[in-house]
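**Q** One structure coming up, written as structure tokens, with questions to follow.
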Amino acid sequence: MGKKGKKEKKGRGAEKTAAKMEKKVSKRSRKEEEDLEALIAHFQTLDAKRTQTVEAPCPPPTPRLNASLSVHPEKDELILFGGEYFNGQKTFLYNELYVYNIRKDTWTKVDIPGPPPRRCAHQAVVVPQGGGQLWVFGGEFASPTGEQFYHYKDLWVLHLATKTWEQVKSTGGPSGRSGHRMVAWKRQLILFGGFHESTRDYIYYNDVYAFNLDTFTWSKLSPSGTGPTPRSGCQMSVTPQGGIIIYGGYSKQRVKKDVDKGTRHSDMFLLKLEDGREAHTPVNLKLDAGLFPAGRPSACVLAPQPPGGKHLDKWVWTRMNPSGVKPTPRSGFSVAMAPNHQTLFFGGVCDEEEEESLAGEFFNDLYFYDATRNRWFEGQLKGPKSEKKKRRRGRKEEPEAGSKPACGGAGTQGPVQVVKEVVAEDGTVVTIKQVLAAPGSAGQPRSEDEDSPEEAGSFAPGPCPRSNAMLAVKHGVLYVYGGMFEAGDRQVTLSDLHCLDLHRMEAWKALVEMDPETQEWLEETDSEDDSEEVEGAEGGDEDEDEDSGEESGAED
């Protein structure tokens with residue numbers, strides 16, 4: 001009894017400490033949030049000038065990261081919302097809405113009255129009811145200097161059929177945060193983690209909330225078992241059996257005054273109903289169309305909900321130890337649901353932190369997590385079909401050919417690294433490294449060879465290494481848009497769009513290309529007047545579309 005009592009006391013003590021820290025952070029950040037609220041209100045006044053929905057064909061969106069890229073549940077469309085850009089002096093935030101038509105390869109900008117305020121590092125989830133709904137929670141707004149942050153705790157829904165925004169107000173939801181993760185689970189949105197940061201303090205979360213899509217009510221879950229430590233930017237995905245996987249993420253803690261230590265997590269946890277009912281309750285997930293069933297609600301097998309949105313379900317955390325080839329520890333990676341009930345993991349950055357410097361190695365590799373086998377696989381490209389046939393014919397001669405891999409290493413199965421240097425207008429040398437997987441077995445089962453209508457397109461080595469990119473999968477094709485990488489003190493924000501057929505795993509196709517050399521980068525200045533700050537923060541209005549952008553954070 002004594003030991004058990006001590007454990008319970010220790011648990012309660014940790015909860016009290018976390019509560020005190022949150023109160024401290026909240027108090028210190030209140031003043032700066034009040035200042036930013038006035039700025040946000042100013043932008044909302046500008047947005048209020050929109051009185052009708054306007055859809056107009058447009059060029060591809062400007063560079064950005066930490067936006068959301070979602071798949072329309074009924075149409076062959078991708079929906080891009082929000083994001084940020086940093087040009088060296090100012091941070092730009094967006095609340096623009098773009099639609100990419102996959103079949104026509106065209107972009108449309110959709111201006112809708114009463115949109116959510118500008119934000120980045122939010123979460124967006126598509127559900128099928130009512131012709132499709134895009135739910136958006138949280139995120140952050142940064143001052144033009146990038147030194148102050150406002151974290152949202154609002155919940156919005158975009159009705160895709162009518163193209164109208166609606167703010168859904170419900171008490172008892174998560175506190176303001178960004179870098180959290182959210183998935184659709186049956187008739188609910190399940191939200192985990194994230195962080196809140198002010199000028200001097202920050203706090204990371206590992207709490208779990210559920211929003212009932214029938215009753216429009218929030219409830220906080222209290223899973224038993226040992227779950228993930230507080231973190232942001234993790235992988236969160238639904239398994240075919242109805243459980244929820246949490247993998248990786250990023251957090252930091254203060255080791256001494258003004259010195260923080262970052263942690264790249266590489267552990268994995270499963271959140272499921274305690275009685276195991278998820279294994280017997282079919283979840284009709286169309287995994288390549290967001291994280292919810294992509295048919296009408298009548299096509300879904302749904303769990304009955306108790307009255308009033310109360311959560312009577314008992315949840316439990318279980319630590320997972322997957323086998324296979326795991327991703328190296330990193331932050332800023334991107335996640336999407338792939339065919340065959342697998343979770344796709346792309347890119348990211350591994351920062352080498354020193355007291356006064358931060359250098360990062362960026363990635364463009366692919367991994368797949370198979371929940372049914374609890375196993376990681378590395379995604380490897382087979383190469384274009386024509387090259388593949390040549391390799392078959394010359395397969396016996398290849399070992400004796402003596403051709404050297406481009407970046408060394410034994411054998412011909414290692415990755416090939418292509419390095420390209422471009423010189424910007426200010427003289428900065430930007431080095432772009434692209435890691436190309438050599439021919440080999442892909443991360444998941446592939447379909448038989450057959451002609452593809454995309455084979456005549458422009459095949460490219462693939463997206464350059466990056467973090468905080470936007471991912472979406474539709475009809476078994478992966479789309480990667482934007483993100484960022486660093487070259488010295490310079491941050492390069494991307495606006496390219498690439499796609500990869502996940503069934504074939506043959507070659508990337510470039511849909512929108514970008515030359516980083518052409519991107520504006522301004523040197524820091526000691527001060528900026530208020531008018532410049534307001535102009536910089538607006539970022540998403542029509543007059544600024546041509547030269548605006550956004551900023552990053554590996555933890556988002």
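The values are calculated or read from the model by the stated rules, or taken from the named source; none is laboratory data. Just so we're clear, the structure is a prediction, and the values are computed from it rather than from any experiment. All Cβ positions, glycine included, derive from the backbone under ideal geometry; neighbour counts span all protein chains shown. Areas reflect the complete protein model, heavy atoms only, side chains present, ligands, DNA and RNA absent. Shrake-Rupley method; radii C 1.70, N 1.55, O 1.52, S 1.80 Å.
**Q** Please list, ordered by residue number, the strands (runs of 3 or more DSSP E) wholly in the range 109-217 having 1 or more residues that are modelled with pLDDT of 95 or more and either small (Gly, Ala, Ser) or more than 30 Å from LEU522 (Cβ to Cβ) (or both).
**A** Values: elements: 123-127, 133-137, 140-142, 149-151, 155-159, 164-167, 181-185, 188-197, 202-212.
Counting at least 1 such residues, we get 123-127, 133-137, 155-159, 164-167, 181-185, 188-197, 202-212.
**Q** Another question, if that's okay. Which numbered condition in (1) closer than 27 Å to HIS498 by Cβ; (2) in contact with a Leu (Cβ under 9 Å, 6 or more places away or on another chain); (3) open to solvent by less than 10 Å² (accessible area, probe 1.4 Å); (4) of a type outside the set (Val, Ile, Thr) is the only one that GLN123 fails?
**A** (3)
**Q** Considering only residues that are open to solvent by less than 10 Å² (accessible area, probe 1.4 Å) and among the charged types (D, E, K, R), which ones fall in the range 57-75?
**A** ARG64, the sole residue that qualifies.
**Q** Restricting to the range 136-179, name every residue that is closer than 20 Å to CYS234 by Cα and aromatic (Phe, Trp, Tyr).
**A** Scanning the range 136-179 gives PHE137, TYR152.
**Q** Let me spell it out: the conditions are (1) open to solvent by 40 Å² or more (accessible area, probe 1.4 Å); (2) touching a strand residue (DSSP E or B) at 6+ places or on another chain (Cβ under 6 Å); (3) within 20 Å of PHE345 (Cβ to Cβ), and PRO230 meets all of them except one. Which number is the exception?
**A** Going through (1) open to solvent by 40 Å² or more (accessible area, probe 1.4 Å); (2) touching a strand residue (DSSP E or B) at 6+ places or on another chain (Cβ under 6 Å); (3) within 20 Å of PHE345 (Cβ to Cβ) one by one, PRO230 breaks only (3).
**Q** For the range 243-257, which residues satisfy the criterion of being out of contact with any strand residue (DSSP E or B) (no Cβ under 7 Å at 6 or more places or on another chain) and either surrounded by 11 or more Cβ atoms within 10 Å (Cβ to Cβ) or not in a strand (DSSP E or B) (or both)?
**A** LYS257, the sole residue that qualifies.
**Q** Could you check, for the range 275-285, whether at least one of its residues is farther than 24 Å from PRO465 by Cβ, buried (at least 17 other Cβ atoms within 10 Å of the Cβ), touching a Pro at 6+ places or on another chain (Cβ under 9 Å) and modelled with pLDDT under 95?
**A** yes
**Q** Separate question: Cβ-Cβ under 7 Å, sequence separation 6+ or interchain: first residue in the range 247-269 and under 19 Å from HIS196 (Cβ atoms), partner open to solvent by less than 50 Å² (accessible area, probe 1.4 Å) and among the aliphatic types (A, V, I, L, M). Which pairs?
**A** TYR250/ALA554
**Q** Could you tell me which residue of the range 164-182 is farthest from the chain's Cα centre (by Cα), considering only residues that are within 16 Å of ASP214 (Cα to Cα) and not small (Gly, Ala, Ser)?
**A** THR171
**Q** Here are the criteria: (1) closer than 19 Å to VAL127 by Cβ; (2) open to solvent by 10 Å² or more (accessible area, probe 1.4 Å); (3) in contact (Cβ under 8 Å) with a residue 40 or more places away in the chain. Tell me which single one GLY225 does not satisfy.
**A** (1)
**Q** Now for a separate question. For the range 88-104, what are the residues that are among the polar types (S, T, N, Q) and either open to solvent by less than 10 Å² (accessible area, probe 1.4 Å) or modelled with pLDDT of 95 or more (or both)?
**A** Across the range 88-104, the qualifying residues are THR91, ASN95, ASN101.
**Q** Also, quick follow-up: For the range 76-85, which residues satisfy the criterion of being crowded, with 23+ Cβ neighbours inside 10 Å and out of contact with any Phe, Trp or Tyr (no Cβ under 6 Å at 6 or more places or on another chain)?
**A** Correct list: ILE79, PHE81, GLU84.
**Q** Can you find even one residue in the range 171-178 that is of a type in the set (S, T, N, Q), closer than 24 Å to TYR481 by Cα and buried (at least 23 other Cβ atoms within 10 Å of the Cβ)? Full working, then the answer.
**A** Here is the first cut: in the range 171-178, the ones of a type in the set (S, T, N, Q) are 171, 175, 178.
Adding the requirement that they be closer than 24 Å to TYR481 by Cα leaves 178.
Restricting the remaining residues to those that are buried (at least 23 other Cβ atoms within 10 Å of the Cβ) gives 178.
Yes.
**Q** May I ask you to list the residues in the range 227-272 that are polar (S, T, N, Q), over 19 Å from the mean Cα position of the chain (by Cα) and within 22 Å of THR372 (Cα to Cα)? Break it down stepwise before answering.
**A** Here is the first cut: in the range 227-272, the residues polar (S, T, N, Q) are 229, 232, 235, 237, 239, 241, 251, 253, 263, 266.
Cutting the leftovers down to over 19 Å from the mean Cα position of the chain (by Cα) gives us 229, 241, 253.
The answer is GLN241, and nothing else.
**Q** Kindly provide the set of residues from the range 127-139 that are closer than 26 Å to TYR205 by Cβ and either over 18 Å from the mean Cα position of the chain (by Cα) or open to solvent by 10 Å² or more (accessible area, probe 1.4 Å) (or both), ordered by number.
**A** Residue satisfying the conditions is GLN133 alone.
**Q** Another question, then. Could you grab me the full set of residues in the range 359-382 that are surrounded by fewer than 22 Cβ atoms within 10 Å (Cβ to Cβ) and among the aliphatic types (A, V, I, L, M)?
**A** Of everything in the range 359-382, those that are surrounded by fewer than 22 Cβ atoms within 10 Å (Cβ to Cβ) and among the aliphatic types (A, V, I, L, M) turn out to be ALA359, ALA371, LEU381.
**Q** When the residues of the range 475-492 are filtered to those that are open to solvent by 10 Å² or more (accessible area, probe 1.4 Å) and part of a loop (DSSP other than H, G, I, E, B), which remaining residue is modelled with the highest pLDDT?
**A** Ranking the candidates gives HIS475 first.
**Q** Residues to consider are ALA537, ALA554; find the one that is at pLDDT below 95 and not in a loop (DSSP other than H, G, I, E, B).
**A** Of ALA537, ALA554, the one residue that is at pLDDT below 95 and not in a loop (DSSP other than H, G, I, E, B) is ALA537.
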